[in-house]
Amino acid sequence: MFQSWLNPNKSYKDSLKGSSISHYVLGSIIDKSPGENEEEIFFGCGCFWGAEKGFWKLPGVTTTAVGYLGGTVENPGYRQVCSGRTGHAEVVRVVWDKSKIDISDLLKMFWECHDPTQLNRQGNDSGTQYRSAIFTTTSQQNEIALNSLHAYQKLLTENGLGEIKTQIETTKTFYYAEEYHQQYLAKPGSRPYCSAMPTNISLNNFKSSNYKLSPSIWDNFNWEEKHCVLRSTNSPIDAQNNE
């Protein structure tokens, strides 16, 4: 049975225990439960600093957070995860308003913002914690994610690229990363960094897709430019000015 597997005890590291943290950019609570017309999903696409920024910029995303998922150790810390011995992936938790953005829009961001053909690495970052992964919270999400994978694999093959290594599986317990990692790239003094290596292949319509974002939204991302997400502003994209 699919359900939200947000740890009921929140499982924060010491810096997060006992408090709810406001999103540094969106102002929402990063551990908010999905509302009546919202859903959550978790994406692993290399270092979670740059990945989170890509998702919080999309109109209709109500909150994001970074953390660890898919491993076997309870309450892991960043150094433990980076050791590769806990089995966790660095992931971004995304909660979205279904009336404003569709899961297919989120999957488009996921596939385009990194190279899913790289196994247990992204760019110079190597290790299982940097693996490409989608952790779904409903059976419908799982089906749509698989449909998008098949469609994107076809496009990659047509362009002479390799096999997708992305794992798609049901969400296990998610642990929030330490507070300083949350919305890291938006905070003063942060070190601009993104390990993602986009393929520059765009995902178009696929089975079950129902894009809600205007095509012009994607003009705000130029994956041909090295570390594109670092060169953009931290502010969410204004949907009204991109219609």
- Under 5 Å from the placed amide H of Gly44, counting only residues 5+ away or on other chains, we find Val92, Ala133, Ile134, Phe135
- Local net charge near Glu52, Cβ-Cβ under 13 Å (Lys/Arg +1, Asp/Glu -1): +3
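Among residues other than Ser232 whose Cβ falls under 9 Å from its Cβ, what is the net charge (Lys/Arg +1, Asp/Glu -1)?
Details: positive: Lys53, Lys57, Arg231; negative: none.
So the environment of Ser232 carries a net charge of +3.
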- Would you mind checking which residues have amide H under 5 Å from Thr199's amide H? H placed 1.01 Å from N; only 5 or more apart, or other chain. His114
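Summarise the long-distance tail of P(r) for segment 38-216 by giving the % of C-alpha pairs beyond 31 Å. List each step's numbers first, then the result.
Details: 1506 of 15931 pairs.
Counting every Cα pair in segment 38-216, those more than 31 Å apart make up 9 percent.
Which entries of Lys165/Lys187; Lys165/Lys207; Lys57/Lys226; Lys32/Lys226; Lys32/Lys154 show an alpha-carbon separation above 30 angstrom in the structure shown? Kindly include the intermediate steps, with their values, before the conclusion.
Details: Lys165/Lys187 32 Å; Lys165/Lys207 20 Å; Lys57/Lys226 18 Å; Lys32/Lys226 33 Å; Lys32/Lys154 36 Å.
As for pairs spanning more than 30 Å Cα to Cα, those are Lys165/Lys187; Lys32/Lys226; Lys32/Lys154.
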- Debye calc, one equal point scatterer per Cα of segment 154-243, no solvent, log10 I(q)/I(0) at q = 0.18, 0.23, 0.26 1/Å comes to -1.27, -1.29, -1.26
- If amide H atoms are built 1.01 Å from N in the plane of the peptide, which residues on other chains or at least 5 residues away come under 5 Å of the amide H of Thr62? Val95, Trp96, Asp97
- Query: Ranking Ile164, Ile21, Ile144 by Cβ neighbours within 10 Å, fewest first, what do you get?
  - Reply: Ile21, Ile164, Ile144
- Relative contact order of the chain, defined on C-alpha pairs under 8 angstrom at six or more residues apart (%): 28
- Message: Residues of segment 52-87 with the amide nitrogen closer than 19 Å to a label point 7 Å from the Cα of Asn222, along Cα-to-Cβ, please.
- Response: 54
- In which sequence would Tyr176, Tyr68, Tyr78 go, from the one with the fewest C-beta neighbours within 10 Å to the one with the most? Tyr78, Tyr176, Tyr68
- Task: Report the FRET efficiency, 1/(1 + (r/R0)^6), for Asn210 and Ile29, where r is their Cβ-Cβ distance and R0 is 30 Å, rounded to 0.05.
- Result: 0.60
- Query: Cβ under 9 Å from Tyr184's Cβ, Tyr184 left aside: what net charge do those residues give with Lys, Arg +1 and Asp, Glu -1?
  - Reply: +2
- Hey, can you list the DSSP H helices of the chain whose Cα span along the axis is 18 Å or longer and whose average Kyte-Doolittle score is at least -1.0? 139-158
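Based only on other Cβ atoms within 10 Å, what is the fewest-to-most ordering of Thr199, Thr170?
Numbers: Thr199 20, Thr170 15.
In increasing order of surrounding Cβ atoms, one gets Thr170, Thr199.
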- For segment 162-176, 3J(HN,Hα) per residue [Karplus equation, 6.51 cos²θ - 1.76 cosθ + 1.60, θ = phi - 60°, Hz, x = Gly/Pro]: x, 7, 5, 9, 4, 8, 10, 8, 5, 4, 9, 5, 9, 10, 5
- Note on the structure: Across 10 Å bins beginning at 0, the whole-percent shares of Cα-Cα pair distances in segment 71-168 come to 14, 42, 33, 11, 0
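Each reported figure results from applying straightforward, stated rules to the coordinates on display, with no laboratory input. This one's a predicted model, so the numbers in the text were calculated from it and none came from an experiment. Cβ sites come from the backbone with ideal geometry, for glycine too, and all protein chains shown count toward neighbours.
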